[in-house]
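Have a look at the structure below, then the notes.
The values are calculated or read from the model by the stated rules, or taken from the named source; none is laboratory data. Please read these numbers as outputs of a predicted model, since none were measured by experiment. Positions of Cβ are generated from backbone atoms using ideal geometry, with glycine treated the same way; all protein chains shown enter the neighbour counts. With ligands, DNA and RNA removed, areas are computed over all heavy atoms of the protein, side chains included. Shrake-Rupley method; radii C 1.70, N 1.55, O 1.52, S 1.80 Å.
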Amino acid sequence: MIIPGFLIAWLTFPGVIVHEAAHMLFCRFYGIYIHDVKFFRFATKGPAGYVIHEPTDNFTANFFITVGPFLLNTALCLLFCLPALLPIHYFETDDPFAIFFGWLGISIGMHAFPSTQDARNLWAAAQKQLKSGKYWTLPFFPLVVIIYVGNILSIFWFDALYAAGVGFFLPEYLFKAVFRTVI
Amino acid sequence: MKHSQCARCGTELPLGKLVSTYQELLCTPCANAKLKEMGVKAVDPRNVYRLTDPTVCVRCEADGGDGEFRQVGGMPHCPQCIEKGYHRPFPLWLRAAAALLLALTVFGLVRAVGYVKARLALNHAVIALFAKGDVDGAQTAAMEAFKRVPESKLTRGFMHYFTGLQALHHDDDTALQNFSSVGIPLNEGQWKLQFLLKEAQLGSAFEHKKFPRALALSRELLQSDPQDVELRLGVASMAAALYADQGDAAAKAEAEQTLAQVGASIAKAPAGEKATLEYEIKRVRHRLETRQILNRKEYQKKFGPAPRLPQAKETKQS
């Protein structure tokens, strides 16, 4: 089922906020000037949020600013889904507290993947480094492709599957491994 | 703040108010007029753009007088705005929301400990049953899980399952009610719920002296595993009960025949099970000879306790 992207953004707005906050966090960490930030807006066209920052030749900064959302959103998805894991995923209760955290965690996880604009920024930065003879940036090109593919697959709910995998299936696997449960 | 003149009307204006229109510095009205004369419909930002005064901050419009501000991204910024840009704080509402969510998460994780304990209790129940044959221990653990998460169908279902199992093990009448209340899908190969339900129905039929029904159920149970000696003994026991109650000769013959089959199988049974099976065979023979229908407890009271099985078996021997 294809649902308009802006509607999904509205329903999962915490993920958008955390995504932009992650960009901003790494901009601050690397001392990159931030021109403007919009953590979230109810828009039917254009991005639901954005961070406009000055360009930089620091490839490490570019990399972490781009993949920052992947790191922060994934970590917070895992953290916020934990209180919901057993009540919802295992015991299948209707606990409102757990449902809230389940929604929060999944919403955040769904916006873990960098956007295509982020991918373009990283590609341009990697290209620049490559032209100046820094061949160690070569592995980053397939990474950009992965980001693009991830964004395309979100049409088939790949972002939701990723969030569910991180928020529920991974902790479930770890729980069984740590406690050696048979049920 | 720097000033300059409009190339057309000569008006002196701050630099930031002038528009570069096809390389001519004009005020806004003159720029519009020129574009109209040229017949320009769509403005190209490469040819028409507002000038930036290097002495005025683009963010806060602070006037640097004659001194030019530092450029960031090609735009003049005053020192205060530069500081804000490089160390832009997260807004208060975001920090407050993050703090609140963090506090709620900690609360949620502490709360989750109860759910963890419930799940571990269920796990303990399963291990107690399948690894140790400890029916009572399994029921206690399942009940603990249910008390911790009573709103869950899973804990409720398993509580009924293990309580039914315990009832069956102790020849308690509540087995049927509990097995009927499980209400969750269970893999029959592992949990044998339908089998246990039938055993409980058999027990209930026996308790209510519906011996034809009890005999029919015992035959159905035997069909599920024809090699099971205890199930075969169960058929003999029900046939003997029917004979004892109604004098049914065919039932007596079936009991005798089945006992003979059980007797033949005993030789292959392990030592511990052998003693128990022999005890049960004696009980069935007593029923045939005396036409007295004593359940297991009554028989044990009269003739002494049965030898303990090496592992708890859930076949109802009535």
With viscosity set to 1.306 mPa s at 10 °C, what whole-number translational diffusion coefficient in µm²/s follows for the range A:3-46 from Stokes-Einstein and a Kirkwood radius over Cα pairs? 138 µm²/s
Which of B:113, B:40, B:135 fluctuates most in a GNM of chain B (C-alpha springs under 10 Å)? That residue is B:40
Regarding the range B:96-235, what are the three Cα extents along the principal axes, ordered largest first, in Å? 73, 28, 22
Cα pair distances of the range B:159-318 binned at 5 Å [whole percent]: 2, 10, 19, 22, 22, 15, 7, 3, 0
Could you list, bin by bin from short to long, the percent of Cα-Cα pairs of the range A:121-162 in 10 Å steps? 29, 38, 23, 10
Need one number: nm distance between label points at residue B:303 and residue B:47, each 7 Å from Cα along Cα→Cβ, rounded to one decimal. 11.4 nm
If you take the Cα atoms of the range B:173-216, find Rg, then find the Kirkwood Rh from the mean of 1/r over all pairs, what is Rg/Rh? 1.03
On the principal axes of its Cα set, how long, how wide and how thick is the range A:38-88? Give whole Å, largest value first. 46, 32, 12
Can you tell me the Rg and Dmax of the range B:1-152, counting just the alpha carbons, in angstroms? 35.2, 103
Measure nothing but the geometry: give the 0 to 90° angle between the long axis through the Cα atoms of B:153-169 and the longest principal axis through the Cα atoms of chain B, rounded to 10°. 10 degrees
Considering only protein heavy atoms, with the full assembly of protein chains and a 1.4 angstrom probe, order B:199, B:188, B:83 by accessible area, largest first. B:83, B:188, B:199
By per-residue mean of other Cβ atoms within 10 Å, what is the highest-first order of B:288-295, B:169-176, A:131-138, B:158-165? B:158-165, B:169-176, B:288-295, A:131-138
Ignoring everything except DSSP H segments at least 4 long, calculate the 222 nm mean residue ellipticity for chain B; use -39,500 (n - 2.57) per segment, divide by total residues, nearest 500. -19500 deg cm²/dmol
Considering only the other residues whose Cβ falls under 13 Å of the Cβ of residue A:69, what net charge follows from Lys and Arg at +1 and Asp and Glu at -1? -3
Given an 8 Å cut-off on Cα distances and at least 6 residues of separation, report the relative contact order of the range B:63-140 as a percent. 12 percent
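What is the Cα radius of gyration of the range A:108-183 over 2.2 N^0.38 Å, N being its residue count?
Compared with the compact-globule rule of thumb, the range A:108-183 sits at 1.51.
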Binned at 10 Å from 0, what are the whole-percent values of the Cα-Cα distance distribution for the range B:120-202, short to long? 22, 56, 22, 0
Using alpha-carbon positions, the gyration tensor of chain A gives root eigenvalues a ≥ b ≥ c; with a/c under 1.5 called rounded, otherwise prolate if a/b exceeds b/c, else oblate, the class is prolate
Cα-only Debye scattering, the range A:6-99: base-10 log of I(q)/I(0) at q = 0.22 Å⁻¹: -1.06
Between the range B:185-199 and the range A:120-162, the alpha-carbon center distance in angstrom: 52 Å
Rounded to the nearest Å, what's the spacing between the alpha carbon centres of the range A:27-45 and the range B:243-294? Just the number, please. 84 Å
Nearest-ten-degree value, helix B:271-290 long axis tilted from longest Cα axis of chain B: 50 degrees
Alpha-carbon Debye profile of the protein assembly as shown, log10 I(q)/I(0) at 0.06, 0.08, 0.12 Å⁻¹: -0.54, -0.73, -1.09
Averaged over A:54-60, number of beta-carbon atoms from partner chains that fall within 10 Å: 1
Within a 10 angstrom radius of each residue's Cβ in B:82-94, how many Cβ atoms of other chains show up on average? Whole number is fine. 4
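Report the per residue volume, in Å³, of the convex hull enclosing the C-alpha atoms of chain B.
Expressed per residue, the convex hull around the Cα atoms of chain B is 258 Å³.
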Among B:50, B:232, B:156, residue whose mean-square fluctuation peaks in a GNM of chain B (springs only between Cα atoms under 10 Å): B:50
Over chain B, what is the relative contact order in percent, taking alpha-carbon pairs closer than 8 angstrom and at least six residues apart? 9 percent
Most fluctuating of A:67, A:145, A:16 in the GNM of chain A (C-alpha, under 10 Å) is A:145
What are the lysines whose alpha-carbon lies under 17 Å from the alpha-carbon of residue B:282, with same-chain residues fewer than 8 places away excluded? B:252, B:274, B:297, B:301, B:302, B:316
Measure nothing but the geometry: give the 0 to 90° angle between the long axis through the Cα atoms of A:96-109 and the longest principal axis through the Cα atoms of chain A, rounded to 10°. 30 degrees
How compact and how long is the range B:205-264, expressed as Rg and Dmax of its alpha-carbon atoms in Å? 10.6, 32
What nm value, rounded to one decimal, do you get for the distance between residue B:102 and residue B:3 when each label is placed 7 Å out toward the C-beta? 5.3 nm
Using Cα pairs closer than 8 Å and at least 6 residues apart in sequence, work out the relative contact order for the range B:39-84, in percent. 30 percent
